[in-house]
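Visitor: Quick one: structure below, then a few questions.
The values are calculated or read from the model by the stated rules, or taken from the named source; none is laboratory data. All of these numbers come straight from a predicted model, not from anything done at the bench. Positions of Cβ are generated from backbone atoms using ideal geometry, with glycine treated the same way; all protein chains shown enter the neighbour counts.
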Amino acid sequence: MAEKEQVAPIRDHPSNYEGDISTHPQRNHQRKFINSCVCLLVFLLLLAIVIIVLIFTIFRVKEPIIRMNSVQVTKLELANNMSLIADVSVKNPNFASFRYSNTTTTLYYHGIMVGEARGPSGHAKARGTITMNVTVELITKHIISSPNLSADLGSRLLTMSSFSSVPGQVKILKLFKKHVVVKMNCTMSFNITTQGIQELDCKSKVKL
């Protein structure tokens, strides 16, 4: 009998296994790299959103609010010196303190300066209010020399105007500084009979 032909078994080439095994670490490395990049992008996006929110909320400098609460006349005698005490408050709506330098208050009688006062420097705490008492000594000779005095004496009212300026700055986290100037113009009428303020109208303006 003829010998049966022996068929050699087909063997996989060893290089195929080696190629598959060698590509697995590369794929894992690529996946880890892609995942790391995605995580980094998500982190940067969240960080940008947080910074934008802080800029438009906490880091945003809001306008301080200045008010003339009251004006008290201590002496109302044209023959002698006159003086008045103005109660002024500054409200700080920011999340950082508002530090201001020397304040200035000037009093006018029909456009003529008749008194000026300067206040000390200070600061208003974050979201707090500071109150200042400003005493102004009036120069009566400037009032007496005004041609409008006779008409005001007839009406028993002395109409005056004042200008106050509070320059300062808001510092956030000791990194960001914003210079602020708070200004206020007031018109007031002094009643000669009652020696008190009859009318008081103020308008404020803030320069950032």
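Visitor: For segment 115-125, what are the residues that are crowded, with 17+ Cβ neighbours inside 10 Å and over 23 Å from the mean Cα position of the chain (by Cα)?
Guide: Gly115, Ala117
Per-residue answers, yes or no, for (1) modelled with pLDDT under 75; (2) farther than 30 Å from Lys183 by Cα; (3) touching a helix residue (DSSP H, G or I) at 6+ places or on another chain (Cβ under 6 Å); (4) surrounded by 10 or more Cβ atoms within 10 Å (Cβ to Cβ):
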| site | (1), (2), (3), (4) |
| --- | --- |
| Ile21 | yes, yes, no, no |
| Val38 | no, yes, no, yes |
| Phe43 | no, yes, no, yes |
| Leu54 | yes, no, no, yes |
| Thr57 | yes, no, no, no |
| Lys62 | no, no, no, yes |
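Visitor: For segment 164-178, enumerate the residues that are over 15 Å from Ile65 (Cα atoms) and either modelled with pLDDT of 90 or more or not in a strand (DSSP E or B) (or both).
Guide: Selection gives Leu173, Lys174, Leu175.
Visitor: Separate question: Taking segment 126-158, which residues are of a type in the set (Val, Ile, Thr), surrounded by 15 or more Cβ atoms within 10 Å (Cβ to Cβ) and in a strand (DSSP E or B)?
Guide: The answer is Ile130, Val134, Val136.
Visitor: Against the condition assigned by TED's automatic domain parsing to the domain that holds Glu137, of a type outside the set (Gly, Ala, Ser) and modelled with pLDDT of 80 or more, how does Asn81 come out, does it pass?
Guide: no
Visitor: Now for a separate question. Any idea how many residues of segment 136-178 are under 17 Å from Ser121 (Cβ atoms) and in contact (Cβ under 8 Å) with a residue 24 or more places away in the chain?
Guide: 8
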